[in-house]
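Here's the structure, in structure tokens; my notes come after.
Since every read-out is calculated from the coordinates, none of them should be taken as a lab result. Remember, it's a predicted structure, so these values are computed and weren't measured experimentally. Neighbour counts run over all protein chains shown; Cβ positions are idealised from the backbone, glycine included.
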Amino acid sequence: GNSVTQMEGPVTLSEEAFLTINCTYTATGYPSLFWYVQYPGEGLQLLLKATKADDKGSNKGFEATYRKETTSFHLEKGSVQVSDSAVYFCALSALTGNQFYFGTGTSLTVIP
Amino acid sequence: GAGVSQTPSNKVTEKGKYVELRCDPISGHTALYWYRQSLGQGPEFLIYFQGTGAADDSGLPNDRFFAVRPEGSVSTLKIQRTERGDSAVYLCASSFGLAVYNEQFFGPGTRLTVL
């Protein structure tokens, strides 16, 4: 079946620290992979995506590379800011028209 | 343009009551999805529509849950005989198409509390 396993939180980092949030997946076929972010008091919004193996998605300084050989899509940022404090969800879409499968979310708090 | 909107933002009801949750998708988006998010969890799929028809309702937990999209735009999720375990945030999302690479745009959610 389809599933996403995401690094558990919460994660607390100092400003300008390096961030990695691990995400691995199990999927049938050729999934697309997504990172969504939920800022406090706001709805889910797309952060980045990758639609085929070896693609790198990037946005707002965040990056993630679609690794088929390790079935992973880890989220990274070189220097986090206080404004990056949010909950991050890894997700996959595996079948045309079908639902997204989400991880459990990782809460990130960045302290000044 | 406007994003996905959901009403109400909060709904408190008593066990056994009937509730309706509304979703207004982005104009022109043909696909519409409902998810349920419990505390500390990721969203879980309930049902999706392509146009007016429910293309996949395999995520609905039981027959107390039902959703409609009569004109291919606004959708209503209906829950009969609510139970305390139905308490969660109900999310609606829409997308332009059904391809596996299409982004889904999420609404702010309706927080349902069943007392």
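Rounded to the nearest 20 debye, the dipole size of chain A about its Cα centre is 320 debye, using +1 on the Cβ of Lys and Arg and -1 on the Cβ of Asp and Glu.
If you take the alpha carbon radius of gyration of chain A and divide it by 2.2 N^0.38 Å, what ratio comes out, to two decimals?
Working: Rg = 13.5 Å, N = 112, 2.2 N^0.38 = 13.2 Å.
Against the compact-globule rule of thumb, the ratio is 1.02.
Across segment A:66-78, computed HN-Hα scalar couplings (Karplus, 6.51 cos²θ - 1.76 cosθ + 1.60, θ = phi - 60°) run 6, 10, 6, 5, 10, 6, 10, 8, 6, 8, 9, 8, x Hz from first to last residue, x flagging Gly and Pro. Label zone (B:Thr76, point 7 Å along Cα-to-C-beta; backbone nitrogen cut-off 14 Å) within segment B:1-30: B:7-8, B:18-24. Of all lysines in the structure, those lying under 22 Å Cα to Cα from A:Lys77, and not within fewer than 8 positions of it along the same chain, are A:Lys49, A:Lys52, A:Lys56, A:Lys60, A:Lys68.
Antiparallel beta bridges, as assigned by DSSP with both residues in chain B, represent about 90 percent of the total such bridges. With R₀ set to 22 Å, the beta-carbon distance separating A:Lys60 from B:Tyr101 gives a calculated FRET efficiency near 0.65. For segment B:1-85, go through all pairs of different Cα atoms, get the mean of 1/r, take its inverse, and jot down that Kirkwood value in Å. The answer is 13.6 Å.
Working from label points 7 Å from Cα in the Cα-to-Cβ sense, the A:Ser79 to A:Glu15 distance is 1.2 nm.
Note: segment A:10-76, Cα convex hull, 110 Å³ per residue.
Just tell me the longest site-free run in chain B, where the sites are trypsin sites (Lys or Arg not before Pro) in a DSSP loop having at most 16 other beta-carbon atoms within 10 Å. Don't skip to the answer; put the middle values down first.
Numbers: sites that count: B:Lys15, B:Lys17, B:Arg64, B:Arg81.
So the longest stretch without any such site is B:18-63.
Treating each Cα of the protein assembly as shown as an identical point scatterer and summing with the Debye formula, the log10 of I(q)/I(0) at q = 0.18 Å⁻¹ comes to -1.32.
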